[in-house]
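**Q** So that we are looking at the same thing, I have put the structure below in structure tokens.
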Amino acid sequence: AGTETPLAIEDLRVSYGKVAALRGIDLRVGSGEIVSVIGPNGAGKTTLAETVSGFHGYEGSVRYYDTEVSTRSTSDLVSEGLIHCTEERDLFGHMSVADNLSLGTFRRGNADERRSFVYDLFPVLEERADQHARTMSGGEQQMLAIGRALMSSPDLLVLDEPTLGLAPVVLDDISDGLDRIQEAGVTILLCEQNVTFAMDHADRIALLENGEIVREGAPAELREDEYIHDVYLGG
Ligand code: ATP
């Protein structure tokens, strides 16, 4: 019998040489949930996202459904539906938007259907299908990176700082997109420095500081938390 929990992290520790980046993290992401990990620069958000996706060795446990992540290659994890969107987006700049999307089709299934979903989600990608990815705006590139991830039909989507460097007006498009991705049944781990954005989308928030989760709860609870209010929501 399998577990239905997409992500269960227990006592996770990751170090870079002498630097302890994650110091005993416990975190669960239930099916269909958006859980957001917030925290300042250097807190360990990227390390956490990368570890979940199998990029780092670790101590403790990271389970993707029934699978201990360290027992699989990253390509196996992708074929099992664990899809990662990096902070750098990693698009192929000299290739068209449409070709970047096609490169996301790692899993078997109906690519045309998924492409229609992505174009419906972010219509600008269809309008600009033939444009080189590197000539797209920052916001459009972020939509493309998320769209490409969706082409692999994720069960768990790991998003590392999707709002990084984006203007507020562009955030609305990404926001609407995230809501619809969740409605489509995708579970999301959202590592995010923009606390307001995270609070607007997440079912639960974990605050990471210096490699440790120091607060965890629903956005409504954490908005009432004096420390979060003062330090992360500008008083
Ligand atoms: P940011 O929002 O600035 O990307 P973050 O919360 O994602 O920050 P990480 O990038 O995970 O934080 O970094 C956590 C800690 O690990 C930092 O102290 C960082 O300097 C350190 N670190 C990250 N990557 C490496 C690496 N490849 N080698 C050594 N130390 C690293």
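The values are calculated or read from the model by the stated rules, or taken from the named source; none is laboratory data. Keep in mind it's a predicted model, so treat the numbers as computed, not measured. All Cβ positions, even for glycine, are placed from backbone atoms using ideal geometry, and neighbour counts span all protein chains on display. Surface accessibility is based on the protein's heavy atoms, side chains included, excluding ligands, DNA and RNA. Shrake-Rupley method; radii C 1.70, N 1.55, O 1.52, S 1.80 Å.
**Q** Could you check, for the stretch 135-142, whether at least one of its residues is of a type outside the set (Gly, Ala, Ser) and under 14 Å from the mean Cα position of the chain (by Cα)?
**A** yes
**Q** For the stretch 116-159, give me each residue that is assigned to a strand (DSSP E or B) and open to solvent by 10 Å² or more (accessible area, probe 1.4 Å).
**A** Scanning the stretch 116-159 gives a single hit, 132.
**Q** Using the structure shown, decide if residue 98 is away from the ligand (no atom under 16 Å from the Cβ), surrounded by fewer than 21 Cβ atoms within 10 Å (Cβ to Cβ), closer than 17 Å to residue 149 by Cβ and touching a residue at least 12 places away in the same chain (Cβ under 8 Å).
**A** On the way: away from the ligand (no atom under 16 Å from the Cβ): yes; surrounded by fewer than 21 Cβ atoms within 10 Å (Cβ to Cβ): yes; closer than 17 Å to residue 149 by Cβ: yes; touching a residue at least 12 places away in the same chain (Cβ under 8 Å): yes.
So residue 98 passes the test.
**Q** Scanning the stretch 100-134 for residues that are basic (Lys, Arg) and more than 19 Å from the chain's Cα centre (by Cα), which turns out nearest to residue 90 (Cα to Cα)?
**A** 134
**Q** Among the residues that make up the stretch 53-62, is at least one of them touching a Ser or Thr at 6+ places or on another chain (Cβ under 9 Å), of a type in the set (A, V, I, L, M) and within 16 Å of the ligand (Cβ to nearest atom)?
**A** yes
**Q** Among the listed residues 164, 190, which satisfies the condition of being aliphatic (A, V, I, L, M), in a loop (DSSP other than H, G, I, E, B) and under 14 Å from the mean Cα position of the chain (by Cα)? It would help to see each step written out before you state the result.
**A** Numbers: 190 fails: in a loop (DSSP other than H, G, I, E, B).
The conditions single out 164.
**Q** Sticking with this one: On the given criteria, is residue 187 touching a Ser or Thr at 6+ places or on another chain (Cβ under 7 Å), surrounded by 17 or more Cβ atoms within 10 Å (Cβ to Cβ) and hydroxyl-bearing (Ser, Thr, Tyr)?
**A** Working: touching a Ser or Thr at 6+ places or on another chain (Cβ under 7 Å): yes; surrounded by 17 or more Cβ atoms within 10 Å (Cβ to Cβ): yes; hydroxyl-bearing (Ser, Thr, Tyr): yes.
Answer is yes for this residue.
**Q** Among the helices (runs of 4 or more DSSP H) lying completely within the stretch 1-114, list those that include at least 2 residues that are modelled with pLDDT under 90 and over 30 Å from residue 199 (Cβ atoms). Steps first, answer last, please.
**A** On the way: elements: 45-52, 74-79, 97-102.
In the stretch 1-114, 97-102 are the helices (runs of 4 or more DSSP H) which contain 2 or more residues that are modelled with pLDDT under 90 and over 30 Å from residue 199 (Cβ atoms).
**Q** Sticking with this structure for a sec: For the stretch 29-55, which residues satisfy the criterion of being under 16 Å from residue 215 (Cβ atoms) and surrounded by fewer than 16 Cβ atoms within 10 Å (Cβ to Cβ)?
**A** 40
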